[in-house]
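> First the structure, which I've put down as structure tokens, then a few questions once you've had a look.
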Amino acid sequence: MAKISVIGTGYLGVTHAVCMAHLGHDVIALDTNAEKIAMLQSGQVPFHEPGLTELLEDTLKSGRLTFTTSFADVAANADIHFVCVGTPQQVDSNAANMSQVNSAVAQLAEHLASPAIVVGKSTVPVGTAQRLHSELVSKSPAGSGVHLVWNPEFLREGFAVQDTLHPDRIVLGVTSSEDAQRVADVYAAAIDEGTPVVVTDYATAELVKVAANAFLATKISFINAFADLADATGADITQLADAIGHDTRIGRRFLNAGVGFGGGCLPKDIRALQARATELGLADTFEFLTHIDAINQSRRDTIVERAVIALDGSLHGKTVTVLGAAFKPDSDDIRDSPALHIAQELADAGAIVKIHDPAALPVLSTKTHNLQLCEDLESAFDNSDLVLHLTEWKEYRALDPNALGDRVKSRIIIDGRNVLDRDLWSSAGWSISYLGRPGS
Ligand code: UGA
């Protein structure tokens, strides 16, 4: 078993640290935020991720997982260091903000006095690994004894534990096969299960990650563009997606039309990719990502426009119930959430917005001012003029439209995720409409 460190305790870092300790490795996890480290040490995960708290408690008890804020500790207790810090979008451009990666690598390098492998997992612009490799060699006391491997991460929020323990592929960008073997040994359990390993160069490893996210974003905007066409022609987008999805070259997954993609990854990754491609002289070729982004953003406007129409042209004094605040179910992540964006737009335009989410309300309460946060799902429907279903938590599919009909002022619901049962809601007297499905 290896002695590893994990630098950065966001979604990726915490999940990676806990899962690696669960597999039997000795793990020390670092964050510069002492409050976060104290929380983790006491067994609390600072975000909602199914199964992770239980696994954190177990691994803390095992003694194989410790936390620190000191790079000296990390260097003294591990010889394989996973860099898992965030690369958010820059405030004033589409490019990735690399300050956390740069600072983590620089601080780590200072303390690397003996041979070590640094493993980059953060999503970075292509070319970063080559640069970091040179910096590690020049700044570490161990010099060329410090090696770098680029190992992008593909976990999904809501499935983070499963995706980390049983990834669908492992990609290793390396300069030597010995480095590839040492990092592959850390993932021996998954590899023994048959997980394919792609050993490649730095640039390919970096590009695999952004290509995957750009492809997923493109799939979603593609089906959403067809949802508009379905609305214009009376076609049904769900049946269309089912039918093209039967072609295994296309596949059905990520063809769910609706309010589009959000979160801390897809939106910022397509923008950063476009920025990097532009730097490399490929602005025209990657211009299509502007359209992917624009189609995605326009889904939010479509719902707002539909809401105004459903409310007879005026939002003032009208009550709108918004189901969902997180960018996807089984997460409390509200970064670039379509649901929250729409809720905020309606509230800013004068509607009384009541918002429910099974997990994200505690995060919301510190950030929102003009939304009414509803902990109780049923009472979120009281006096509502319009209900919007914007994040497809399973709780919402289990709602009883008959009982809820007595709570609302008007039985009107717009399903922005195209998953609620039309017959169930219609037979309870609701007017239910979708994006890209007839009868809308
Ligand atoms: C995404 C990728 O799926 C992961 O593989 C990747 O590791 C991660 O980004 C990352 O780069 O860290 P995640 O952001 O957790 O994972 O969420 P997804 O499941 O990809 O969903 C993204 C958004 O697309 C959500 O808002 C979701 O509601 C939306 N979506 C997804 C659709 O609108 N339609 C679909 O058919 C699928």
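> Suppose the filter is more than 20 Å from Phe288 (Cβ to Cβ) and within 13 Å of the ligand (Cβ to nearest atom); does Asp231 pass it?
In short, no.
> Residues to consider are Lys36, Lys61; find the one that is in contact (Cβ under 8 Å) with a residue 12 or more places away in the chain and either under 20 Å from Ala190 (Cβ atoms) or assigned to a helix (DSSP H, G or I) (or both). Write out each step before concluding.
On the way: Lys61 fails: in contact (Cβ under 8 Å) with a residue 12 or more places away in the chain.
Being in contact (Cβ under 8 Å) with a residue 12 or more places away in the chain and either under 20 Å from Ala190 (Cβ atoms) or assigned to a helix (DSSP H, G or I) (or both) holds for just one of Lys36, Lys61, which is Lys36.
> Answer with yes or no whether Gly24 is assigned to a loop (DSSP other than H, G, I, E, B), small (Gly, Ala, Ser) and within 23 Å of Ala360 (Cβ to Cβ).
Judged against the criteria, Gly24 is not a match.
> Could you say whether any residue in segment 299-314 is crowded, with 23+ Cβ neighbours inside 10 Å, hydrophobic (A, V, I, L, M, F, W, C), at pLDDT 95 or above and in contact with an Asp or Glu (Cβ under 6 Å, 6 or more places away or on another chain)?
Within segment 299-314, none of the residues are crowded, with 23+ Cβ neighbours inside 10 Å, hydrophobic (A, V, I, L, M, F, W, C), at pLDDT 95 or above and in contact with an Asp or Glu (Cβ under 6 Å, 6 or more places away or on another chain).
> Sort out which residues of segment 160-184 are surrounded by 16 or more Cβ atoms within 10 Å (Cβ to Cβ) and under 23 Å from Asn213 (Cα atoms), and write them in order of number.
Ala160, Val161, Asp163, Thr164, Leu165, Pro167, Ile170, Val171, Leu172, Gly173, Val174
> Still on this model: May I ask you to list the residues in segment 149-183 that are out of contact with any Leu (no Cβ under 6 Å at 6 or more places or on another chain), under 13 Å from Leu12 (Cα atoms) and either part of a loop (DSSP other than H, G, I, E, B) or modelled with pLDDT under 95 (or both)?
Result: Pro152, Phe154, Leu155, Arg156, Glu157, Gly158, Phe159.
> Out of the helices (runs of 4 or more DSSP H) lying entirely within segment 234-313, which hold 3 or more residues that are hydroxyl-bearing (Ser, Thr, Tyr) and assigned by TED's automatic domain parsing to the domain that holds Lys328?
Helices (runs of 4 or more DSSP H) meeting the threshold: 288-310.
> Looking at Leu65, Leu55, Leu60, Leu23, can you tell me which residue is surrounded by 23 or more Cβ atoms within 10 Å (Cβ to Cβ) and either of a type in the set (Asp, Glu) or outside the structural domain of Gly262 (by TED's automatic domain parsing) (or both)? Full working, then the answer.
On the way: Leu55 fails: surrounded by 23 or more Cβ atoms within 10 Å (Cβ to Cβ); Leu60 fails: surrounded by 23 or more Cβ atoms within 10 Å (Cβ to Cβ); Leu23 fails: surrounded by 23 or more Cβ atoms within 10 Å (Cβ to Cβ).
Checking each option against the conditions leaves just Leu65.
> Looking at (1) within 30 Å of Ser140 (Cα to Cα); (2) in a helix (DSSP H, G or I), which one does Phe67 not meet, given that it meets all the others?
Condition not satisfied by Phe67: (2).
The values are calculated or read from the model by the stated rules, or taken from the named source; none is laboratory data. Please read all numbers here as calculations on a predicted model, not as lab measurements. Here the Cβ is made from the backbone with ideal geometry for all residues, glycine too, and neighbour counts use every protein chain on show.
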